[in-house]
Structure formats: structure tokens, C-alpha cells
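The values are calculated or read from the model by the stated rules, or taken from the named source; none is laboratory data. What you see is a predicted model, and the numbers here were worked out from it, not measured in a lab. Positions of Cβ are backbone-derived with ideal geometry, glycine not excepted, and every protein chain shown enters the neighbour counts. Keep in mind that these areas ignore ligands, DNA and RNA; they rest on the heavy atoms of the full protein, side chains included. Shrake-Rupley method; radii C 1.70, N 1.55, O 1.52, S 1.80 Å.
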Amino acid sequence: GERILAGGEISREEALSLIKLTDTSDIFDLISWANRIRRHFRGNQIHLCSIINAKAGGCTENCKFCAQSSFYTTQSPRHGFLDWEPIEKAALEARDNKAQALGIVAAWWGLKEGALLDEVCERIEQLSRSGTVRADASLGIIQEQKIADRLKQAGLHAYNHNLETAEEFFPEICTTHTFQDRVKTIRHLKQAGIKVCSGGIFGMGETHEHRISMAFALSELEVDIVPMNFLNPIPGTPFEVKEPLEPMEILKTIAVFRFVLPAKEIMVAGGREVNLRELQPLMFIAGASATMVGNYLTTPGADAGRDLQMIRDLGLTPEWDGSDGAVPSSLAGQTLSLQV
């Protein structure tokens, strides 16, 4: 911990030894150090974001955790790409919940040139011009640099594209595209000057070694925001039978990711309510510096007011804490965006 606070790094072997800790007192020591590292590099402000399911269901990919895959029969909603009005409404709600940004999320393979890309860029431009919150997106795989460049020109600030897990475990969760397809997407986005939000899902059957492998892959790719999701098994998906991770295992994993990625925005998102239960506030003490407010893509989130109170009760501050809805001075002049 002292080495990282001084600007040093942790080795893979050290990270693996930390994530394998079992003694509760040792784990609480780890969490305490992760809290110091978070405060040193990120301060006491907590970044908040929201998302909207802008195109739901019918996805051609077979990710085993996903309720929106066309391979599985679930109760997930299905609809085409949304018009501007529901996105505008979601943006206003996100702002009221102190979120800095709204993520436009679509369940499909990815983006190619054509009418759909034109429509996507129009929504990004509309959200950017609205002045409510920043416009970000999660729109799947990008195979060509010119697509990423087009999104940047439309005003996109950050793009969510998770690695999901370690490269060696990826074939166990998806076979319709590859880990390298995701890596190439991230590289196109970085080349375009778009901030990258990339993390994964934990509790899918991966080992401790897989988690550490993903953490270092994210470090090597130099992503900007790291969302950490925890599997909420959905009936009808192949992973509906998975046992949820224990809260202390989750907190330990968050803490180790803070050691590996000390200066990055680490965001705890999907599954936090179901899996952490009464220990939810400790996710920030374990090193998280951001979270999602409002609903997720196919499952409901916690009450935004309670989330805000939880943050303040810990002596932390929502990053956008103005009562008048005005864009904070730290964002003035920036392109409007979100971390999904």
C-alpha cells in the first residue's frame, strides 16, 4: 500500500496473493489500504452515472450472462432503437439523480456504416446539445476506425465496452465473438480520442487468477473507467444456476482492483444491491470511486435518493452535488458524456 501511494506498482504475484486472502482481519486491512489509495488518487468525490436501454433484446451474441441474447428465452424487454423523447426524459431523470451522464446502450453486435449509425450519431448529438447531462454510449463492437471517428465527431466523450473477463476464460462465456474483437474495439476508440470505460462481470465461474489477468489487461490497455459488475443470475440464461459471490469476496476483489489500477475511476455497477446486501456502503471503503444510479438494462436499481444518502453518510460527496442542476465548473467547456 505504501509503495502504491508513493507511485509504485503491484506485481501479478502480489495481486494474486491479496485476492486469495481468507482471514477476515487481513481482508479488512486490505480494504483499509484500498480506501487510502482511492482517497489519495481520486479524492472523496463519488462519480455517478445512469444508463438507458436504447435498443432492447434480440441481440445476436450468445453471452451466457445476458438476458437480452436471442439465444435464450427470458422476460427481458424487446424494442427497437429509441426516438429522442424517451432519451431526453431519461437524461432529465439522471440529472435529478445527480448523475453526470447518461449512457445510450444498445443490445446488438455492434456498429457499421449506414442508416443505423446515422441515427445513433443523431441521438448522441441531441443529448450533447441538450445540456442536461453528458452523452456516452455502449454500442457493441467497432471493427473500423472510421466508425469510432464518426462517434467522436458526433460529440461522444466515453464509450463502454467491457472485456467481461480474462482472455483465457472468455470462450466459456461467449463464442459468437472473441476477446480480441473487444480489444480491437477499445484500441479504435482510444485512437479516436474517446475515453474508454471497460471492466467486467464477476461471479461467472472465473478463478482468482482470471480476475487478476483481467485487471492487468485493463491496466495494459490504459482504459479510463473500470466498471465492476457482479453477476445477478437471470432465469432463462445459462448462468441462472450460478451461486452469487459472498459480500466479503466482492469487497476483496474491488480492493485488489484498486491496488492494480490505483488512479483509475473504479465504478461498482450491476449486481451491487443483490450481492453486497447490507455491506453496500463498504464498496466505497474498498476502493470504488463511482457507481451507477437508477435502473440497469434489464433489472431495477436501488432508490437514487437512498444511494445519495449512503454516499453522504460515509463522509463522501457526489461529484455533481449542485442543487440547481447546473453543470459543475469542473465540466465547463467539456463535451457532454457517461460511464456505463
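Computed values, structure above
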read-out: PHE65 vs. criteria in contact with a strand residue (DSSP E or B) (Cβ under 9 Å, 6 or more places away or on another chain) and either open to solvent by 20 Å² or more (accessible area, probe 1.4 Å) or not basic (Lys, Arg) (or both); value: yes
read-out: Residues satisfying the stated conditions in segment 119-144, i.e. of a type outside the set (S, T, N, Q) and in a loop (DSSP other than H, G, I, E, B); value: GLY131, VAL133, LEU139, GLY140, GLU144
read-out: Residue count, segment 303-336 (criterion: open to solvent by 30 Å² or more (accessible area, probe 1.4 Å), under 22 Å from ILE250 (Cβ atoms) and at pLDDT below 85); value: 1
read-out: Complete set of residues in segment 68-103 that are of a type in the set (Phe, Trp, Tyr) and surrounded by fewer than 19 Cβ atoms within 10 Å (Cβ to Cβ); value: PHE71, PHE81, TRP84
read-out: Condition broken by GLU125, with the remaining ones in (1) more than 22 Å from LEU189 (Cα to Cα); (2) open to solvent by 40 Å² or more (accessible area, probe 1.4 Å) satisfied; value: (1)
read-out: Among the residues listed as ALA106, ALA115, the single one being within 30 Å of THR176 (Cα to Cα), of a type in the set (Gly, Ala, Ser) and open to solvent by less than 50 Å² (accessible area, probe 1.4 Å); value: ALA106
read-out: Yes/no for GLY294 being of a type outside the set (S, T, N, Q) and modelled with pLDDT under 95; value: yes
read-out: Test: residue in segment 17-28 that is crowded, with 16+ Cβ neighbours inside 10 Å and modelled with pLDDT under 95; value: no
read-out: Single residue of LEU92, LEU48, LEU82, LEU102 found to be over 22 Å from GLY271 (Cα atoms) and touching a strand residue (DSSP E or B) at 6+ places or on another chain (Cβ under 6 Å); value: LEU82
read-out: Segment 158-184 residues that are under 17 Å from PRO238 (Cα atoms) and among the aliphatic types (A, V, I, L, M), paired with ones that are open to solvent by 20 Å² or more (accessible area, probe 1.4 Å) and modelled with pLDDT under 95 (beta carbon under 6 Å, 6 or more apart); value: none
